[in-house]
Amino acid sequence: MNIAYSTELICFLVLSAVIVSGSLAVVLLENIVYSAFLLGGVFLAVAGLYLLLNASFVAAAQILVYVGAVNVLILFAIMLVNKKEKLKPIEGLKTRKIISSGVCGGLLILLLRVSISTKWNLPGPPSIGEEATERIGEHLFTDYLLPFELASILLLMAMIGAIVLARRDISIQTDYINDFRNTKSLSDKKTPLLSENSLK
Amino acid sequence: MNSGIDLEMSFTQGVQNLGLSHELAHLLWIPLPMLLVLVSAVIGVLVTVWLERKISAAAQQRIGPEYAGALGILQPMADGLKLLVKEDIIPARADSALFTVGPILVLVPVILSWLIVPFGQNLLISNVGIGIFLWIALSSIQPIGLLMSGYSSNNKYSLLGGLRAAAQSISYEIPLALAVLAIVMMSNSLSTVDIVEQQNTAGFLSWNIWRQPVGFIIFWICALAECERLPFDLPEAEEELVAGYQTEYAGMKFALFYLAGYINLVLSALLVSVLYLGGWGFPISIDWFSSLIGLSIDNPLVQIFAASLGIVMTILKAYLLVFLAILLRWTTPRVRIDQLLDLGWKFLLPISLVNLLVTASLKLAFPMTFGG
């Protein structure tokens, strides 16, 4: 056993432990903010696995897309709406938990069985390492052109939808807020809320 | 082009001659450049802090730090020591785990990004193929640390500062990446070494700034916004938010934010010089210069001279940009949050898309000058 191999093995074991325990914590923790932060950690660990497989471009893309965009957006959403309120106790929470853990356990056993019974072709094809970026570009613009364009159209649609949603005309009368003639009492000078107006 | 000095090769060969295996020699080599770069990054920060204090003093017609060392050059060291021995306070209602991890998550990606900064042909930690893309990916981790520290401080100003920082860095990352993409398209490579090599064919005339003037300005504005420097320092706007996400921090944890900010500034300046100002290249081509003296480019003396000149040039260019950033900080007012987002989404984003399009068409039309 040489140094390179043992380093790789240790890295793999540590990353796998982080991924498994992290994703369990994401699902099981009560505090949603912790879950969101741990999700970022799990994404980072997955990027580490890609690095171990010599796929540095995929690893960087994983960090950029999942950690930098998806996870930050999740955190944003949580922090903007995070109200500390007592949730109503749900009926039959215990049986629900038992059922869902049964379903998840069954799925796990199924996947384990598949992964054990499949004949993996080992060792796989040699990794192309640094050339990967060029090869990904080549494939995107030749044999995967249609899925690539379809994904772009989907993103464009989402973007236009977001713009349409954000640009709903809201008319806030400035004189109502400024109230130069001082006709209203201080408590009446409330800015109309964005949501009240936009829902009309 | 010549291959330049390869310190790694000579080191591993030297260790192997002592009777150690190749792998062990490589293992011994790995920490050395990392340590060197870490130390130089911290020294770079100390110099920048001193410059900041001196230049701000000059801008306000004061003298600035004077008594600690000659011209107050030891002042940043004293500041650092003070922060190091200060009491580490965690607010009572704060979330202590997230409160501690936040500053670390802000600092580590910035330091990791130094991996790709080249000071010469082989004078960088690792010439990874994805090069500049690694920096863009790593810098996208930072907002999570900022959100984390803003949230865990349990302070409304901190939370607002953290949210502002994350919003700002997301909006300015896109034009930044598009500006980098135009450069990458011209040099056909993501690697920082290739990007510099491609600019050093004819001295300063072949620098990317002449071919990408718009990209240069976009990149500089976005880099300033990512570093939260003054026209864009909304996350810590002291008149509105006390100190933003750093409000509750003290001692070494505060110093980590401070360090991350300045390391990021120096890093951005270095990357501007790598992407647009020819990196380690001297304004006059070294090949031409050595042939003038009559020495071969492979002469060891010329090689050592060229390597040290490369390091000096990289640092000189970077610090000229740092000087510009400091001057901007002390002479410009802060923009409002709506102006900031307008500038990012309605101005820089379309301009950088147009810049990319124009670069692509110029590359098709003039493959010789725009790297076909």
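Name all residues of the range B:215-243 having a backbone nitrogen under 17 Å from the label point set 7 Å from the Cα of residue B:324 along its Cα→Cβ direction, giving them as ranges. Under cut-off, by backbone N: B:215-232.
Percent of Cα-Cα pairs per 10 Å bin, from 0 to the last occupied bin, for the range A:1-82, please list those. All Cα pairs considered, the percentages come to 19, 41, 28, 10, 2, 0. Label positions at residue A:10 and residue B:354, each projected 7 Å from the Cα along the C-beta direction, are separated by 5.5 nm. By a 1.4 Å probe calculation restricted to protein chains, residue B:347 has an accessible surface near 110 Å², given to the nearest 10.
Using a 1.4 Å probe on protein heavy atoms only, how many Å² of accessible area do B and A hide from each other, summed over both chains and rounded to 100?
Approximately 2200 Å² gets buried when B meets A.
Each residue, residue A:93 and residue B:295, gets one label point 7 Å from its Cα in the Cβ direction; the gap between the two is 7.7 nm.
Accessible-area rank, largest first, for B:62, A:167, B:53: A:167, B:62, B:53, with all protein chains present and a 1.4 angstrom probe.
Can you work out the FRET efficiency for the pair residue B:346 and residue B:56, with r the C-beta to C-beta distance and R0 = 35 Å, to the nearest 0.05?
Values: r = 32 Å, r/R0 = 0.91.
With R0 = 35 Å, the Cβ-Cβ based efficiency is 0.65.
Computed from backbone phi, the HN-Hα couplings of the range A:97-102 come to 4, 4, 4, 5, 5, x Hz, rounded to whole numbers (Karplus: 6.51 cos²θ - 1.76 cosθ + 1.60, θ = phi - 60°; Gly and Pro given as x).
Per-residue shielding of B:146-158, expressed as the average number of other chain Cβ atoms within 10 Å of the residue Cβ, stands at 2. Using a Gaussian network model of chain B in which every pair of alpha carbons under 10 angstrom is joined by a spring, one finds that among B:127, B:208, B:264 the greatest mean-square fluctuation is at B:127.
Look at the stretch B:127-136: the mean tally of other chain Cβ atoms within 10 Å of its residues' Cβ atoms is 4. In this structure, residue B:18 and residue B:84 have a Cβ-Cβ separation that, at R0 = 35 Å, corresponds to a calculated FRET efficiency of about 0.35. In loop segments of the range A:1-97 as defined by DSSP, the GluC sites (Glu not before Pro) with at most 13 further C-beta atoms inside 10 Å of their C-beta are A:30, A:85, A:91. Rounded to the nearest whole Hz, the Karplus-based 3J(HN,Hα) values (6.51 cos²θ - 1.76 cosθ + 1.60, θ = phi - 60°) of the range B:201-218 follow the sequence 8, 9, x, 6, 5, 9, 5, 5, 5, 6, 8, 10, x, 5, x, 4, 5, 4, with x at glycine and proline. Relative to the Cα centre, the charge distribution of the range A:37-116, modelled as +1 at Lys and Arg Cβ and -1 at Asp and Glu Cβ, gives a dipole magnitude of about 420 debye. This model, with +1 at the C-beta of Lys and Arg and -1 at the C-beta of Asp and Glu, gives chain B a dipole about its Cα centre of some 580 debye. To put it simply, the accessible area of the protein assembly as shown at a 1.4 Å probe is 71 percent carbon and sulfur.
Counting only heavy atoms of the protein chains and using a 1.4 Å probe, residue B:266 has close to 10 Å² of accessible surface. Electrostatic bookkeeping for residue B:278 treats Lys and Arg as +1 and Asp and Glu as -1; over the other residues with beta carbon under 15 Å from its beta carbon, the sum is -1.
What size of dipole, in debye to the nearest 20, comes out for the protein assembly as shown about its Cα centre when the only charges are +1 on Lys and Arg C-beta atoms and -1 on Asp and Glu C-beta atoms? Before the final figure, lay out each step's value.
Details: 34 positive and 39 negative charges, 357 e Å.
Here the size comes out at about 1720 debye.
With distances taken between every two different alpha-carbon atoms, the protein assembly as shown has a Kirkwood hydrodynamic radius of 27.0 Å. Modelled spin labels at residue A:108 and residue B:77, positioned 7 Å past Cα toward Cβ, are 5.6 nm from each other. With the convex hull built on the Cα atoms of the range A:94-160, state its orientation-averaged projected area in nm². Averaged projected area of the range A:94-160's Cα convex hull equals 9.3 nm². Dipole of chain B computed with +1 at Lys/Arg Cβ and -1 at Asp/Glu Cβ about the Cα centre; of B:18, B:39, B:351, farthest Cα towards the positive end is B:351.
The values are calculated or read from the model by the stated rules, or taken from the named source; none is laboratory data. Just so it is clear, the model here is predicted, and its values are computed rather than measured. Note that each Cβ is placed from the backbone with ideal geometry, even for glycine, and that neighbours are counted across all protein chains shown. Just so you know, the surface numbers come from the protein's heavy atoms only, side chains and all, with ligands and any DNA or RNA stripped out. Shrake-Rupley method; radii C 1.70, N 1.55, O 1.52, S 1.80 Å.
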